[in-house]
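Written below as structure tokens is the structure these notes are about.
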Amino acid sequence: MPTYDLIVEAYMPNLENLKKQAKLILRRHREGYYPVAAQIRAHLPRFQNMSDSEILAAPFKLSDAQEIVARELGFDGWQALKIGLSITPRNPKSSPSKAKATITSAEPQLLVTDMKRSCDFFCEKLGFKLIFSYGKPPFYAQVSRDAARLNLRSVERSVIESKIRDREELLSASLLSVSMTVATAEEIKLLFLEFQAAGVAFHQKLKKQPWGAKNFIVKDPDGNLLLFAGPAN
């Protein structure tokens, strides 16, 4: 199974390219690619109460994939998308030869030594939900909360010695740690209080930084440092 940390989606300037995107979703469903199950569940209400395996086993047509593409672009359905594209003025300066790939999201990967323990920590302590777990026993999983997605990869032992990581506060510079943000000062305070009430271990409690931010750092069961940040005011 692919373990990409960056999901790159080509810029789709016309209907033909959007059709290709829908066919890609259909192919991933047929191949049993687990991450597509979360995408289907998020955009098609009839799949909302189904597990990943149930979604991948259920009938899924090209029209379903086209509906997902349309909803991701803010349209009610494929027909509405086609109408919207037909009335949207084209940029005369644009050229297919100059089209660039658009990075739509980043999904950091954490290395963990006990997959079940890590999934339980993120879901029970930090309020994430399990998107998928792959392997028997599981060796790769994804958890999410709101717009944040984290990939968990199982390893036999920690790559960076715990004392070094703590001393250097290895966050975004390390594949073992990650930073996540909220929009307001009130939200970062609420998030800190939520985690505190859940008995989460903090590497750093909520603190106002000189560059105009408030943040705190959580330590997961493997010692990975997770920074949560928001504006100070």
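Cβ crowding within 10 Å, taken as a proxy for footprinting-reagent exposure, orders Asp146, Asp120 from fewest neighbours to most as Asp146, Asp120. Legend: ranking of residues Ile83, Ile217, Ile25 from fewest to most surrounding C-beta atoms inside 10 Å; resulting order Ile83, Ile217, Ile25.
With a simple spin-label model that places each label point 7 Å from the Cα along the Cα-to-Cβ direction, the separation between Ile87 and Leu73 comes to 1.5 nm. Spin-label model, Asp146 to Arg27: label points 7 Å out along the Cα-to-beta-carbon direction sit 3.5 nm apart. Note on Glu194 and Ala57: with the Förster distance fixed at 35 Å, the Cβ-Cβ geometry gives a FRET efficiency of about 0.45.
Could you list, in their original order, any pairs among Lys125/Lys189; Lys116/Lys205; Lys129/Lys214 whose Cα atoms are separated by more than 18 Å? Where the Cα-Cα span goes over 18 Å, the pairs concerned are Lys116/Lys205; Lys129/Lys214.
Every read-out reported here was derived from the displayed coordinates using simple, explicitly stated rules and does not represent laboratory data. Since the structure is predicted, the reported quantities are computational estimates derived from the model, not experimental observations. Methodologically, a virtual Cβ is constructed for each residue, glycine included, from the backbone with ideal geometry; neighbour enumeration extends over all protein chains shown.
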